[in-house]
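Novice: Got a structure here, written out as structure tokens. Questions coming.
The values are calculated or read from the model by the stated rules, or taken from the named source; none is laboratory data. All figures in this text were calculated on a predicted structure; none of them were measured in a lab. Cβ atoms come from the backbone with ideal geometry, glycine included; neighbour counts cover every protein chain shown. We work out accessible area using only protein heavy atoms, side chains counted, and drop any ligands, DNA or RNA first. Shrake-Rupley method; radii C 1.70, N 1.55, O 1.52, S 1.80 Å.
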Amino acid sequence: MLQGKKILLGITGSIAAYKSVYLVRLLVKAGADVKVIMTPAAKDFVSPLTLSTLSKNPVLIDLFAEQSWSNHVMLGRWADVMLLAPLSCNTLAKMASGQCDNLLLAAYLSATCPVVVAPAMDEDMWLHPATKINLQKIESFGNRIIPVEKGELASGLFGDGRMAEPEQIVQYLLDNFFLTRPLAGKKALVTAGPTYEPIDPVRFIGNHSSGKMGIAIARELQQQGAEVTLIAGPVQAELPVNGIIVKKVKTAAEMFTACMGVYATTDIAIMSAAVADYTPMLTATEKIKKKEDGLMVELTKTKDILKELGEKKRKGQVLVGFALETNNEEANAKEKLVRKNADLIVLNSLNDSGAGFGHDTNKVTIFGKEGQEFNFEMKSKQAVAKDIVDTIIRLYYA
Ligand code: CTP
């Protein structure tokens, strides 16, 4: 993935430097040629020996012990990308003001390649106006900033300031510098999970959809470069936290409104949610008390989101629906494809054991509006998501 790419990794004095060890490992494993520069303070946090062993290159620290100034200049010219991870508050301030009291800063000031930083600091420091100004300043120099994460901090407090995880940093480099992704610049909309239609404040009509398929599709679209909005009903599965815009909804009506809000600017819409077809006509404001007789709940039809999107579809938009069937699978799926004006419909049959709701696997057939049919084996939902997204790319973006 990063075969032959030259990464100059600057490590500064921060507890998060322990993550840099794994970061070097990941970069080397991906095929990159990695050279590490540490600030003198970074040595207190992580061993140069470990880093030189993993990077297979000497670790550079001292401004004056190195052979010559031109070496420092050459480091910045050698690299395809200079990555500072973790970036401490102190080094950030020095970068912003152009100071040069160590080798890392000398290489930074000499770098002709793109510079990316992954800051790490405690929340108070992160939120300080001085930090904000310094970040804005280096951003104005053209440096890129990988956002910090929320979580447990070295101080023991919880908040913003954690360095991004090494996997995300590698992904950031791939996304921004080394990969041309087929869906780069495209916007995608995915619905996932069930909807809950309230009967009263404690009861609802729902279904067994876990949301796993839609979440896997959202992740795959993101992997292929799309900017993804995931509109999720009340799912059991864990929702993505990075890089995907997640909108949580409960009812079919809320899902409809959320979809309409983004559809106009969407290139690809994949409706994998199991939207309730009916909702109670009235929702009781108080809990309905048990009576001797039966209980009638009058239902009214929800809006068919896929169908409404199909009616609004403009040229160039790709609309994909799902069909979950128990009988006459193929005929029903093809009928839905036409009736809802979709471009593709993904059929999963509840007759296939291991497919459909709740499972980690799925078996699908994709029908296209030009009469195409693509059959796939039983696979993990992430692999099925890849098949679906690859089919879209092959048909519409190759
Ligand atoms: N769908 C939707 N909005 C609804 C109902 C369904 O967007 N109110 C979408 C689903 O997300 C899926 C497709 O329509 O992509 C097919 O859903 P399904 O329930 O199988 O089809 P229905 O049209 O509801 O037909 P039926 O229940 O009669 O099979």
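Novice: Sorted by packing (mean other beta-carbon atoms within 10 Å per residue), highest first, where do 221-234, 195-208, 280-293, 379-392 land?
Specialist: Numbers: 221-234: 23.5, 195-208: 17.1, 280-293: 9.6, 379-392: 20.7.
Top to bottom by mean Cβ count within 10 Å: 221-234, 379-392, 195-208, 280-293.
Novice: What is the Cα coordinate range of the chain on the first, second and third principal axes, sorted by size from largest, in whole angstrom?
Specialist: Sorted from largest, the Cα extents of the chain read 86, 51, 37 Å.
Novice: Taking only C-alpha pairs under 8 Å that are 6+ residues apart, what is the relative contact order of the range 293-394 in percent? Before the final figure, lay out each step's value.
Specialist: Numbers: 146 pairs, mean separation 18.6, N = 102.
Relative contact order here is 18 percent.
Novice: What FRET efficiency would be calculated for the residue pair Asn176, Arg25, taking the C-beta separation as r and a Förster radius of 25 Å, to the nearest 0.05? List each step's numbers first, then the result.
Specialist: Values: r = 21 Å, r/R0 = 0.83.
For R0 = 25 Å, the calculated efficiency reads 0.75.
Novice: Given the DSSP H assignment, sum -39500 (n - 2.57) over each helix run of at least 4 residues in the chain and divide by its residue total; what's the result at 222 nm in deg cm²/dmol, nearest 500? Walk me through the numbers before you get to the answer.
Specialist: Numbers: 13 runs with 128 residues, N = 398.
Only helices count here, giving -9500 deg cm²/dmol.
Novice: Suppose all protein chains stay in the model; what accessible area per residue would a 1.4 Å probe give for the chain, in Å²? Please list the in-between numbers first.
Specialist: Working: 19360 Å² over 398 residues.
That works out to 49 Å² per residue.
Novice: Next up: Between the range 92-143 and the range 1-60, what is the C-alpha centre distance in whole Å?
Specialist: 18
Novice: While we're looking at this one, here's another question. Hey, which of these cross-link pairs are over 27 Å Cα-Cα: Lys19/Lys56; Lys247/Lys313; Lys287/Lys340; Lys186/Lys312; Lys212/Lys336? Could the numbers behind the result be given before it?
Specialist: Numbers: Lys19/Lys56 18 Å; Lys247/Lys313 22 Å; Lys287/Lys340 37 Å; Lys186/Lys312 18 Å; Lys212/Lys336 22 Å.
Among Lys19/Lys56; Lys247/Lys313; Lys287/Lys340; Lys186/Lys312; Lys212/Lys336, the Cα-Cα distance tops 27 Å for Lys287/Lys340.
Novice: Write down the radius of gyration of the range 187-397 and its Dmax, each obtained from C-alpha positions, in Å.
Specialist: My reading of the Cα-based Rg and Dmax gives 17.3, 61 Å.
Novice: Could you check which residue among Thr300, Thr12, Thr180 shows the biggest mean-square fluctuation in a GNM of the chain with a 10 Å Cα cutoff?
Specialist: Comparing Thr300, Thr12, Thr180 in the GNM, the peak value goes to Thr300.
Novice: List the extent of the Cα atoms of the range 1-123 along each of their three principal axes, largest first, rounded to whole Å.
Specialist: Per principal axis, max minus min of the Cα coordinates gives 35, 35, 25 Å.
Novice: So which aspartates and glutamates can Lys301 reach, going by Cα to Cα under 15 Å and dropping same-chain residues fewer than 8 places off?
Specialist: Hits, sequence-local ones excluded: Glu197, Glu254, Asp277.
Novice: Asp160 to Glu308: FRET efficiency via 1/(1 + (r/R0)^6), r the Cβ-Cβ distance, R0 56 Å, to the nearest 0.05? Working shown, then result.
Specialist: Details: r = 39 Å, r/R0 = 0.69.
In this case the efficiency is close to 0.90.
Novice: If amide H atoms are built 1.01 Å from N in the plane of the peptide, which residues on other chains or at least 5 residues away come under 5 Å of the amide H of Leu84?
Specialist: Amide H neighbours of Leu84: Gly10, Val116, Val117, Ala118.
Novice: Here is a follow-up. Residue separation times 0.36 nm, minus the C-alpha to C-alpha distance between Gln3 and Ile133: what's the value?
Specialist: Full extension of this stretch gives 43.2 nm more.
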